[in-house]
Amino acid sequence: MEKKRVPLTIDGKDVEAKAGQTILECARENGIFIPTLCHYEKTTNVGACRVCVVEVENARSLVASCCMPVSPGMIVRTNTEAVRSAQKMIVELLWSSGDHNCLTCEQNGACELQNLVYWLKIDKPRFEIEPPGYAIEDNNTMIQRDLNKCVLCGRCVRACNEIQVNEVLDFSMRGSRAKVGPAFDADYINSSCVFCGECLQVCPVGAITFKQAKFAGRPWELSKTRTTCTYCGVGCQMDVFTKDGKIIKISGNRDYGKPNEGSLCVKGRFGMDFIQHPDRLKKPLLRRNKNEELKEVSWDEATSFIAEKLAAIKKTGGADSIAGLASARCTNEENYLFQKFMRAVIGTNNVDHCARL
Amino acid sequence: MTNSIEELEYTDLILATGTNTTENHPVISSFVKRGVRQQGVKLIVIDPREIDLVKYADIWLCQKPGTDVAVFNGLMNVIISEDLYAKDYVAERTENFDALKETVAKYTPEYVEKISGVPAENLKKAARMYAQANRASIIYAMGITQHITGTDNVKSIANLSMLCGNIGIEGGGVNPLRGQNNVQGACDMGGLPNVYPAYQQVATEDARKKFEAAWGSKLSAKPGLTLMEMMAAAGKGDVKALYIMGENPLLSDPDLKHVEKELRNLDLLVVQDIFPTETTQLADVVLPAASFAEKEGTFTNTERRVQRVRKIVDAPGEAKTDWEIISALSAKMGYPMQYASAKEIFDEVIKVTPSYAGMTYERLEKEGLQWPCPTSDHPGTKFLHKDRFSRGLGLFHAIEYIPPAEWPDKEYPLFLSTGRVLYHYHTGTMTTRAEGPSERCPESLVEINPLDAEKLGISDGQMVKLTSRRGSVQAKAQITQKSVPGTIFMNFHFAEAAVNLLTNPALDPVGKIPELKVCAVKLEAA
């Protein structure tokens, strides 16, 4: 069934929208850029920041395009003097009411407020910069919060309540004292927060950042590789960021779609220290007699020992006196090869893995 | 899963049983929670613990551990006696309904209440809610399978789902949530004693001939031993060599004291892993393997989606990928395996695995594909059993309730159940080495209800001693409503307080899965 189409004009261009679409959605579909800050797809449109304002003919004032549904014959302008002037005012107010110091900010280069300042060509705010002076929340090893950089867009609140539905974060206080956080103004570590890190992923500025990635590499210095998480059976798609061969941080990515639509959990996002942990096994170890200690040997020595021993056991006890455990942790290719080895090389079907545990 | 993760958000009802989803599959739980909060999805939780999902549920049935079959039979009893079942579906797509009807007839809500402790009225309410939903999905995990009646439990779930016409439709289905990243793939690839890749039986001649031709080797027709049987055979001396790739049975298996004895009895124990573990300590040869971040390949997730794994960093020291190690070993044994890359192995896999036949690394590049995907133009399969079951008609199994192998008594008065917590994974070799998760959960805790704690004079954080017929462990008590009176819970992540010293190795006769979710213990201050 075809949905009703709504004709309207944006910046002089005749376009058609689906009934119920917002001006912003329609503009984006038609390649017309409207800046946003608090907007985050698949969460409620709240119109909190007003950065997306546009002119609508015969409207009393500028309207927030993220919240305003289209109507037939609507005439919209996104780039007038009034629109730009309002956007500048909004951005300057946000800038001046926080501690937006790009010199030391982890989001430098990936900050949506910084992008807006640059795009709107603002040299400096016309208001005095007066950060609220909150203490930095630094008492856990995963997430750092600096509410002096918070622009109160509410994305973290919506990510927590509408995407992960953990229902930990909300706004508290009012007016210029308004802030985001867990109930009773608790720190994350003392709240019911489960450290999924969705808030961190959606934060447009440097208010919520990766603690372990601090000073470990700036956004443009990192390389990004997509892979599948190694923890549970969901198979979340994730981006792993590295610098000089070192893993710096992990993030979800909505562009990858299924199965996780950009979300991760605490293990996927913060549980990957093990990969480059010093305890990793680095050399083959062997003991030729049960009462000896394990000693480092070459690959050749280790595999020769195993091959000889397996051949001898097969000869005396038959192939079925040998068994193997494949692994729910390894790849399909490796499991395939393992069972092929047991069946075609050893000659037994004694192969299983811990599916039952 | 018969169906897909994304369907959970937009179905009409979800029945979650034996799955602590918010901790074990947090991202799947967000689909469930979004469905409940934003799409009006109804949620029934059947679980012996007050897990987080209970907070989101319309109704919670708290059954005694191990009484699942009775509860499911009770639900079906109500649905049949109130004439709420899907008559057309049952008539057209299933068989053996009369036997089911006859068996569940005696499981009246009152009788089930006596067995399970679930109030009859709640059982009726849940039954009506499930039956009246247009589309209902059942999600479950190890809380259903790790019982001596694990197979019966799963069959009962399938009975319930078929009874209401929920298999073979979008938003419905019987959906096991797999706990390990590639447990689905390891099964698909034939990492099981009775089947080759894609579940082709080793005992059937056609399948065997096919693989003999593909691999150029004579193959055994005799199904092999399961993990628990291998361990027993090692103890008896029938199995003399064991090659373990990436597993740590000396922490994950039940009745650890016994497992250690069995492993010590081997002539040759080879363990291939990324870290030293409890099991590598007993090994004759330890082979250093590459982690998932150091190799190319594919994993298959719980909804049958095959997805790419990509190399991000180099493996440490001389560690090698598991496939390189197997190839090298195979060459030493006179069977050269010549693969230049994981992709070349995958190209061989798709030739012998019909359900993967239409997949290639190129097709998997952007988005994973769900099997069955038999041809190169097949889009993959979102949900199974549309129009027809694999065997034709869906078969109802008439199943009687059997109590767990161990039931609390005077000496061991409490139920013990085991599982994972949010912050850790399996035997903890990875997560206990991660700073953040370890900060949130640094040690094993014995989760106990305030009433039980008061009765035993135990306070929060106090060291307690937990004893079963097989052993005892000590850990701190955590007083929490999550445990209901009479049942305590402990995770199995930590070697220092290995709960599997206590657990019962009694097996399901078909699935050979041990009853890790129920045993009887006593608790005292340490």
Highest-fluctuation residue, A:ALA59, A:ALA86, A:ALA311 considered, GNM on chain A with Cα pairs under 10 Å: A:ALA311
Could you work out how much longer the chain between A:LYS224 and A:TRP119 gets when fully extended? Use 0.36 nm per residue separation minus the Cα distance between them, nm to one decimal. 35.2 nm
Write out the trypsin sites (Lys or Arg not before Pro) in the range B:317-424 meeting two conditions: DSSP loop, and at most 13 other Cβ atoms within 10 Å of their Cβ. B:LYS366, B:LYS386, B:ARG388, B:ARG391, B:LYS410
Mind listing P(r) for the protein assembly as shown? All alpha-carbon pairs, 20 Å bins, whole percents. 14, 43, 34, 9, 0
Return the whole-Å distance between the Cα centroid of the range A:103-126 and the Cα centroid of the range B:406-425. 54
Search the structure for amide H atoms under 5 Å from the amide H of B:GLY18, placed 1.01 Å from N in the peptide plane, and list their residues when 5 or more places away or on another chain. B:ILE46
Suppose R0 equals 30 Å. What FRET efficiency, 1/(1 + (r/R0)^6) with r the Cβ-Cβ distance, do A:ASN101 and A:ARG254 give to the nearest 0.05? 0.55
Tell me, what ³J(HN,Hα) does each residue in the range A:197-207 have, in order and in whole Hz, if you take phi through Karplus 6.51 cos²θ - 1.76 cosθ + 1.60 with θ = phi - 60° and put x for Gly and Pro? x, 4, 4, 5, 5, 8, 4, x, 10, x, 7
Using DSSP to call loops (not H, G, I, E or B), can you name the GluC sites (Glu not before Pro) in the range A:90-169 whose Cβ has at most 13 other Cβ atoms within 10 angstrom? A:GLU128
Calculate log10 I(q)/I(0) of the range B:193-274 for q = 0.16 Å⁻¹, where I(q) comes from the Debye formula with a single equal point scatterer on each Cα and nothing for solvent. -0.74
Which of B:PHE396, A:ASN350, A:ALA19, positive extreme of dipole for the protein assembly as shown (C-beta unit charges): A:ALA19
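May I ask you to derive the FRET efficiency for B:GLU435 and B:LYS382 from their Cβ-Cβ distance with R0 = 35 Å, giving the value to the nearest 0.05? If you can, show how the numbers build up before the last one.
Working: r = 39 Å, r/R0 = 1.11.
Approximately 0.35, to the nearest 0.05.
At a Förster distance of 30 Å, what's the computed FRET efficiency of A:ARG177 paired with A:ALA59, Cβ-Cβ distance as r, to 0.05? Please list the in-between numbers first.
Working: r = 32 Å, r/R0 = 1.06.
Step by step, r from the Cβ atoms, then E = 0.40.
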What the Cα atoms of the range A:224-335 span along the principal axes, largest first and in whole Å, is 57, 31, 21
Excluding residues fewer than 8 positions from B:LYS386 in its own chain, the lysines with Cα under 18 Å of it are B:LYS87
If the convex hull of the alpha-carbon atoms of the range B:414-525 is projected onto planes in all directions, what is the mean projected area in square nanometres? 7.0
Do any GluC sites (Glu not before Pro) in the range B:258-320 lie in a DSSP loop with no more than 15 other beta carbon atoms within 10 Å, and if so, which? B:GLU318
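Based on alpha-carbon positions alone, could you give the equivalent ellipsoid semi-axes of the range B:394-460 from the gyration tensor, as √(5λ), descending, whole Å?
Details: eigenvalues 194, 120, 19 Å².
With the √(5λ) rule applied to the range B:394-460, the semi-axes are 31, 24, 10 Å.
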Looking at A:PHE33, B:SER161, A:SER263, which one has the Cα that reaches farthest to the positive end of the dipole of the protein assembly as shown (charges on Cβ: Lys, Arg +1; Asp, Glu -1)? A:PHE33
Rounded to whole Hz, the Karplus (6.51, -1.76, 1.60) HN-Hα couplings of the range B:37-48, x for glycine and proline: 7, 10, 10, x, 6, 7, 10, 10, 10, 10, 7, x
Put a dot 7 Å past each Cα toward the Cβ at B:ILE402 and A:ASN190; how far apart are the dots in nm? 5.3
Label-zone membership for the range B:183-197, site B:LYS351, 7 angstrom Cα→C-beta point, backbone N under 16 Å: B:197
With a point put 7 Å past each Cα toward its Cβ, work out how far B:ASP98 is from B:GLN462 in nm, to one decimal. 6.1
Starting from the Cα gyration tensor of chain A, multiply each eigenvalue by 5, take the square root, and state the resulting semi-axes largest first in whole Å. 54, 26, 17
Given the C-alpha atoms of the range A:75-130, compute the convex hull and give its volume per residue in Å³. 87
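Helix-derived [θ] at 222 nm for chain B: sum -39500 (n - 2.57) over DSSP H runs of at least 4, divide by residue count, nearest 500? The partial results should precede the final answer.
On the way: 19 runs with 164 residues, N = 526.
Result for chain B: -8500 deg cm²/dmol, rounded to the nearest 500.
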Per residue of the range A:322-331, what does 6.51 cos²θ - 1.76 cosθ + 1.60 with θ = phi - 60° give for ³J(HN,Hα)? Whole Hz please, x for Gly and Pro, Karplus curve as stated. 10, 9, x, 10, 6, 8, 6, 9, 8, 6
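Looking at the range A:79-172, I'd like the Rg to Rh ratio, where Rg is from alpha-carbon atoms and Rh is Kirkwood's inverse mean 1/r. Spell out each step's value before the answer.
On the way: Rg = 15.1 Å, Rh = 15.0 Å.
Here the Rg-to-Rh quotient is 1.01.
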Would you mind computing Rg(Cα) / (2.2 N^0.38 Å) for the range B:90-167, counting N as its residues? 1.15
Taking H placed 1.01 Å from N in the peptide plane, check which residues at least 5 places from B:VAL464 or on another chain put their amide H under 5 Å from its amide H. B:ALA475, B:LYS476, B:ALA477, B:ALA526
Number of Lys pairs (Cα under 24 Å; 8 or more positions apart or on different chains) in the range A:134-276: 26
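Express the Stokes-Einstein translational diffusion coefficient of the range B:232-288 in µm² s⁻¹, to the nearest whole number, given a Kirkwood radius over alpha-carbon pairs, 10 °C and a viscosity of 1.306 mPa s. Let's see the in-between values first.
Details: Rh = 11.2 Å.
Calculated translational D: 142 µm²/s.
Quick check on chain B: what are the equivalent-ellipsoid semi-axes from the Cα gyration tensor, as sqrt(5λ), descending, whole Å? Spell out each step's value before the answer.
On the way: eigenvalues 263, 198, 97 Å².
Semi-axes (√(5λ), whole Å): 36, 31, 22.
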Which aspartates and glutamates does B:LYS476 reach when only Cα atoms under 12 Å apart count, and residues fewer than 8 places away in its own chain are ignored? B:GLU443, B:GLU447, B:ASP460, B:GLU496, B:GLU524
How much of the calculated P(r) for the range A:318-357 lies past 12 Å, in percent of all Cα pairs? 54
Evaluated over the range B:293-440, the Cα radius of gyration and Dmax, each in Å: 22.2, 63
Among A:ALA27, A:ALA302, A:ALA19, determine the one that fluctuates most according to a GNM of chain A built with springs between C-alpha atoms less than 10 Å apart. A:ALA302
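Readers should treat all values here as calculations from the given coordinates under stated rules, not as data from a laboratory. Since we're looking at a predicted model, the values are computed, not measured. All Cβ positions, even for glycine, are placed from backbone atoms using ideal geometry, and neighbour counts span all protein chains on display.
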